[in-house]
């Protein structure tokens, strides 16, 4: 039912020959709630993939009872947001068939919780991935059902080890058991897709109902202190009138959104000119109290792509923006895949895959630890920024479930302790700030996550046998 005080989701700020879509504000509403209840933001799902497992000794804390005070070396970058993180220890790999070449299963099974068809290794035959199951439900409420972002093209062809389809080595997203999805690796194309879609209308309003009460002990997202900042003077025509129509919280949210838009536009323009510009607004107004940002930098990169970390952070910014504007509620960022990455910006030219086979060589272990730490730092950047963006009574991160993980324990091809971190409160259905020991497989985790966004399954997902209980 339409309320007079609500404004249209298709409202835009117009002026200077352009029109910008707005973020999803409280005043617009996410759904028609029951009488007497408040509007509740939707829950978004974000997946960040890390290849080749981790060096276990530098990843896992030695004692769950001391978490989060005592962190391992490679989790230290998460300390500012560790209260928002749930470290899941003991997840097993998909166990539904005969073993494949290890790295074939690593990424392909991470979101599918399934092994490729052993009888027909040359073709794609696996399972619809969890992100796409979520997109089939949540995509009804957004104009972009899901985003699949990456660093390297994943459209591999031909056959690899033991006659296995090479696509399995580089693809994590499957819209059906036989349909792998490409990743978008060009930030400018992601930006164009998001904003060319803003005039479309989702097929349904709101979102699926989630009974948060059944996730015992999760509790609501805590309220945050009010923002202490001056309002940024709006530069687009019509903004002054619009601000008079929305709530105080929405005014702040609108200002943060405009800051983000300006920063992203500058950075993407710089990419198209082959310059790396980590554009951030350093002045007052848009940033949350306590959130600091570097001034824009400009690095000349003639005929050379962005550094890996710059690319990943920019893709993370686009993910955040898409979540803020409710253009999508499902996004995957495949930061690399098994044979796709080295890290010259760390002074490490060895491939990630080769380093993961340490052979107990201390030099290789030292490099691998730096690589693992560097990957987690990029995810920490994304999570920290999400925690700094207010939404409703809490933050954007409070209304997300962000998953960092790998489909392999370590480079020794083990699959019984998959490194997995969840961040966010899932709208009050996840209880972070813990290191939990579990007995279950990756399908049990996906079953629990999907339930928390309102996806009801007839049976546990993939190889799952139950809903993992330790998230709440």
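Quick one: Debye curve from the alpha-carbon atoms of the range 409-472 only, equal weights, vacuum; give me log10 I(q)/I(0) at q = 0.16, 0.24, 0.27 Å⁻¹ to two decimals.
-0.56, -1.10, -1.25
Which order do the peptides 338-346, 371-379 come out in when sorted by mean C-beta neighbours inside 10 angstrom, highest first? Write out the running numbers ahead of the final one.
Working: 338-346: 16.4, 371-379: 22.9.
For the peptides 338-346, 371-379, the packing ranking is 371-379, 338-346.
Go through 79-85, 59-65 and give me the packing order, highest mean Cβ count within 10 Å leading.
Working: 79-85: 18.7, 59-65: 14.6.
The peptides rank, most packed first, as 79-85, 59-65.
State whether the range 106-217 is rounded, prolate or oblate according to the following rule on the C-alpha gyration tensor (a ≥ b ≥ c being the square roots of its eigenvalues): a/c under 1.5 gives rounded; otherwise a/b larger than b/c gives prolate, and the remaining case gives oblate. List each step's numbers first, then the result.
Values: a/c = 2.58, a/b = 1.41, b/c = 1.83.
Judged from the Cα gyration tensor, the range 106-217 comes out oblate (a/c at least 1.5, b/c at or above a/b).
Using the Cα gyration tensor of the range 329-472, with a ≥ b ≥ c the square roots of its eigenvalues, what is the shape: rounded (a/c below 1.5), prolate (a/b larger than b/c) or oblate (neither)? Let's see the in-between values first.
Working: a/c = 2.40, a/b = 1.47, b/c = 1.64.
Note, shape of the range 329-472 comes out oblate.
What whole number of Å gives the distance from the Cα centroid of the range 171-204 to the Cα centroid of the range 302-366?
Computed from Cα coordinates, the inter-centre distance equals 20 Å.
Need one word for the range 44-158: rounded, prolate or oblate. Basis is the Cα gyration tensor (sqrt eigenvalues a ≥ b ≥ c); a/c below 1.5 gives rounded, then a/b vs b/c decides. Show your work: numbers first, answer last.
Numbers: a/c = 2.18, a/b = 1.40, b/c = 1.55.
Oblate shape, in that a/c is at least 1.5 and b/c is the bigger or equal ratio.
No lab work stands behind these numbers, since they all come straight from the coordinates. These numbers were taken from a predicted model, which means no experiment stands behind them. No Cβ is skipped: glycine too gets one built from the backbone with ideal geometry, and neighbour counts run over all protein chains shown.
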